[in-house]
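Please read the structure below before turning to the comments.
The values are calculated or read from the model by the stated rules, or taken from the named source; none is laboratory data. Computed from a predicted model, the values in this text were never measured in an experiment. All Cβ positions, glycine included, derive from the backbone under ideal geometry; neighbour counts span all protein chains shown. When the accessible area is computed, the model is the full protein with side chains, heavy atoms only, and any ligands, DNA or RNA have been set aside. Shrake-Rupley method; radii C 1.70, N 1.55, O 1.52, S 1.80 Å.
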There are 2 protein chains.
Amino acid sequence: MSRDAFLLELAQRAPVLTDATAREAAATDRSGLLPPTSPFAVVAATAVDHVVATLHLAHEHRVAVVTRGAGTGLAGGAVADDGAIVLDVSRLQHLEIDVANHRAVSGPGVLTAHLDAEARKHGLFYAPDPASAAISTIGGNVATNAGGFRCVSYGVTRDAVLGLTTVLPGGAVVQTGAGTVKDVVGYDLTSLLVGSEGTLGVVVEATLRLLPTPTAVATASALLDDAAAAVAAVAELGATGIRPAVCELVDGPTLAAIDDLRGSDWSARGGALLLVQTHGSGAAADIDVVTEVLRRHAVSVATTTDEREAEQLFAARRDALPALEKRGRVLIEDIAVPRDRVAEAVDRIGAIAAEHTVPIFVLAHAGDGNLHPIVLTDAGPRDPLPPAVVTAADAVFGLALELGGSVSGEHGVGLLKGEWARRQLGPEATALAERIRSVFDPHGILNPGKLL
Amino acid sequence: MSRDAFLLELAQRAPVLTDATAREAAATDRSGLLPPTSPFAVVAATAVDHVVATLHLAHEHRVAVVTRGAGTGLAGGAVADDGAIVLDVSRLQHLEIDVANHRAVSGPGVLTAHLDAEARKHGLFYAPDPASAAISTIGGNVATNAGGFRCVSYGVTRDAVLGLTTVLPGGAVVQTGAGTVKDVVGYDLTSLLVGSEGTLGVVVEATLRLLPTPTAVATASALLDDAAAAVAAVAELGATGIRPAVCELVDGPTLAAIDDLRGSDWSARGGALLLVQTHGSGAAADIDVVTEVLRRHAVSVATTTDEREAEQLFAARRDALPALEKRGRVLIEDIAVPRDRVAEAVDRIGAIAAEHTVPIFVLAHAGDGNLHPIVLTDAGPRDPLPPAVVTAADAVFGLALELGGSVSGEHGVGLLKGEWARRQLGPEATALAERIRSVFDPHGILNPGKLL
């Protein structure tokens, strides 16, 4: 079947866009990876039936499908070239808050921050909180198993997903998870689908766990001499028995970039920022213990129990990536290491930057051992990356594995990290994963070339 | 190859027991299901190599393998007859507490309570806490995705597993999970293996997440008129915003059985018991809120911040199953329902018991909506179950599905619930699960007839 005939058939069953503007807009995501060509069509799904029709026809005619939400992915998982159609599910935005059962039932196109805001109207909240929450969707969060600020005590997206409705290649619709808090019937296909980056099926509805908003919240912000001092403080916090809800680190060079963007003066006041938040009836007592530890390491420490004031502090942290993107093209890494190797990781990332003379900025979900080393380059968006940037980035990946960690803590593998993912997993686990992928997608139409 | 030739070859590479005592002891578990015959041999593995050799030879010669830990499973997952060998991994008991990283690396044969006790020596604890913790193993907990008392705030076994080392049919050894708190590289094979009931591979090592022991603990025990009053109290607790760490319910008839076993006087003091525990620096403040709610529903409420005293209260709850087992043969159900259907579930379980004139006792992890309706019968251990018992049990399973729940919240499917599991999952998810099973175990040697 020709492409034209395929599109004609598809257009009878789903809204299909083939104009250059739509195709170009759907070609890339926030990874900065620009494919040489654009996808040959975009399905702008407004109903589950459109997803079913697309996966039925694409399966039958062996057409590659790249699923897309808001396009805020950082690993190239939604990048699509002329060899594929893009299935845009961002318009599937139904949302129901089930207050009695502390659940939300959400379409994939709902913005994460919107879901959280709707839950908060009922005294509930959605715990996963990627820095991109205001612009990223539940579907994308599920596809990448997104993390965020509050993971350190509440877990990642996978921990919040109670059930999924997923369309498989061929068009079958499968329900996984009972939607109850506990359920051990059969294999955990829900967890398998979470983080599968659009390679197993297309999620059209998620049942998500909500939690009661904490009875109290307290926040400490500490300015320290440098990232090493911040890491030392976090290590000492780990021994107090306090479980912070948030523990975020921003290094000095990143603070300077945030200052440039926002006109703030963080970098004049310290060489690294640490934000620690505690939740629950003991929040104030806990933040006192936290503050006592921080004072031993920091230049200055401030605390607040005002949530708006805390949100302003977090806004600075959320500005980090936009601030760096404003300075040039960024290559965003996302390694995770055991907590007792975080200090060594920060130290050696500095050494890698010095050795290859490339600037590497460091943000970290410090309580989780999840670091975002961000390499800045002045290469243009379509230029090949300079060899020093590639070598430095590879050295950081290698470091993560050497320290017994992971090459991705929360952003996913996408197009960026396939080679390194295979290296991390090893041949046995990679082979198993490939065979599982074939169970879901025997013709290999879903996001080919991604993930593995 | 004859059985004798197979056993001769196996015995050269692993410790094999073929005496009747060993075979009979390995035939059943705590489900009470007694197979007509015993397994034809038992491998008493003392090293990972023995597991590898067993799965290599069994795969090659198409011999069924039933993996076994402490044999405390409640769904018949470890039941084995003459058609299988039993692979006993209970002697694989290596254990390392990685204090700096809040992790444990454990063999499958380590008792759950032992791991927890070792962690507590370092100010850490292992959150999953099945009622059987003192007698069940980490391997069994992983195989069933065990739950327990503390799930309501800390999650189930799956949430505590950071990585697994698993031997596959054929003898390949696969590592899954990076062992870091966050890791999104590849599919979540770790979560797939957790709860797979010995049908995908044999776990020989688990890397588990430990948490700092709570800075404070407070416990409330309430005696109420009946289970319905207890459920009403739990529903009201859910609206307070307090997240209890434990919320356990024992109904009146079960309290009477506990009294018979231990000489206590619970049933003289009330018709249902509710145990609520709060953790963290706000534990005492939280328990005050809890107590205020409980007083509106209860006959009497007592609180304590003494952990030993609390443990004595929980001991009564842990005695519930032994107390019922002393009265006769039990059929243990394990349904989960949405929280707003718990009251209806308790009410209708009572109606099912009355309609079929069979005694059904109810324990519940009430905060999770996970109920254990336990049907008591005077049938002998090898007798067929009386029709009224089977009909009542089926009615309870049907009720779970009707209320939008699950036929197993934490015990697993095993031999007991295959038919109901298929009904819950539906044909699409069942077919997917069967194909995934074939990826791991193409010859179907692992726990055939179980789970699906």
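Here are the numbers for the structure shown:
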| read-out | value |
| --- | --- |
| Projected label distance in nm at residue B:62 and residue A:312, using a 7 Å step from Cα toward the beta-carbon | 7.4 |
| Convex hull volume per residue for region A:95-212, taking Cα atoms only, in Å³ | 96 |
| Accessible surface of region B:130-225, 1.4 Å probe, proportion on carbon and sulfur as whole % | 48 |
| Of all DSSP beta bridges in the protein assembly as shown, antiparallel share, percent nearest 5 | 85 |
| Rg over Rh [alpha-carbon atoms, Kirkwood Rh] for region A:328-417 | 0.95 |
| Positive-end residue of B:221, B:452, B:388, charge dipole of chain B with Cβ unit charges | B:452 |
| Surface per residue (accessible, 1.4 Å probe) for the protein assembly as shown, Å² | 35 |
| Unit Cα scatterers, Debye sum, chain B: log10 I(q)/I(0) for q = 0.11, 0.12, 0.13 Å⁻¹ | -0.88, -1.04, -1.21 |
| 7 Å along Cα→Cβ, label-point gaps from residue B:295 to other copies, nm, shortest first | 3.7 |
| Chain A, relative contact order in percent, only Cα pairs under 8 angstrom and at least six apart counted | 16 |
| Debye, to nearest 20: dipole size of chain A, +1 on Lys, Arg Cβ, -1 on Asp, Glu Cβ | 520 |
| Efficiency of FRET from Cβ geometry, residue A:295 and residue B:288, R₀ 41 Å, rounded to 0.05 | 0.85 |
| Shielding of B:421-434 by partner chains, average beta-carbon count, 10 Å | 5 |
| Normalised contact order of region B:328-441, rounded percent, pairs of Cα under 8 Å and 6 or more residues apart | 32 |
| Share of Cα-Cα pairs in region B:3-88 lying beyond 20 Å, as whole percent | 26 |
| J(HN,Hα) series, region A:132-144, from Karplus relation 6.51 cos²θ - 1.76 cosθ + 1.60, nearest Hz, glycine and proline x | 8, 3, 6, 10, 9, 9, 4, x, x, 4, 5, 4, 9 |
| Chains B and A together, accessible area buried on both sides, 1.4 angstrom probe, square angstrom | 6100 |
| Phi-based couplings in Hz for region B:66-83 (Karplus 6.51, -1.76, 1.60; Gly and Pro marked x) | 10, 7, 9, x, 8, x, 9, x, 10, 10, x, x, 10, 5, 9, 10, 4, x |
| Average beta-carbon neighbours from other chains, 10 Å sphere, peptide A:141-151 | 1 |
| Computed over the protein assembly as shown, Kirkwood Rh from alpha-carbon pairs, angstrom | 28.3 |
| Heavy-atom accessible surface of region A:3-88: percent carbon and sulfur, 1.4 Å | 52 |
| Set A:450/B:417; A:417/B:417; B:326/B:450 screened for pairs whose C-alpha atoms are more than 30 Å apart | A:450/B:417; A:417/B:417 |
| Calculated [θ] (222 nm, deg cm²/dmol) that DSSP helices of n ≥ 4 give over the protein assembly as shown, each run adding -39,500 (n - 2.57) | -11000 deg cm²/dmol |
| Residues along region A:269-302 losing 40 Å² or more of accessible surface when the other protein chains are present rather than the chain by itself (probe 1.4 Å) | A:281 |
| Rounded Å value of the spacing that divides the Cα centres of region A:356-398 and region B:379-415 | 56 |
| Occluded residues from region B:308-342, i.e. those whose accessible area drops by 30 Å² or more once the chain is not alone (1.4 Å probe) | B:338, B:339, B:340 |
| Average beta-carbon neighbours from other chains, 10 Å sphere, peptide A:406-412 | 5 |
| Residues losing 10 Å² or more accessible surface upon assembly, region A:232-252, compared with the chain by itself, 1.4 Å | A:238, A:241, A:242, A:243 |
| Estimated translational D of region A:226-352 in µm²/s (Stokes, Kirkwood radius over Cα pairs; 10 °C; 1.306 mPa s) | 102 |
| FRET efficiency estimate (nearest 0.05) - Cβ-Cβ, residue B:96 to residue B:12, R0 35 angstrom | 0.70 |
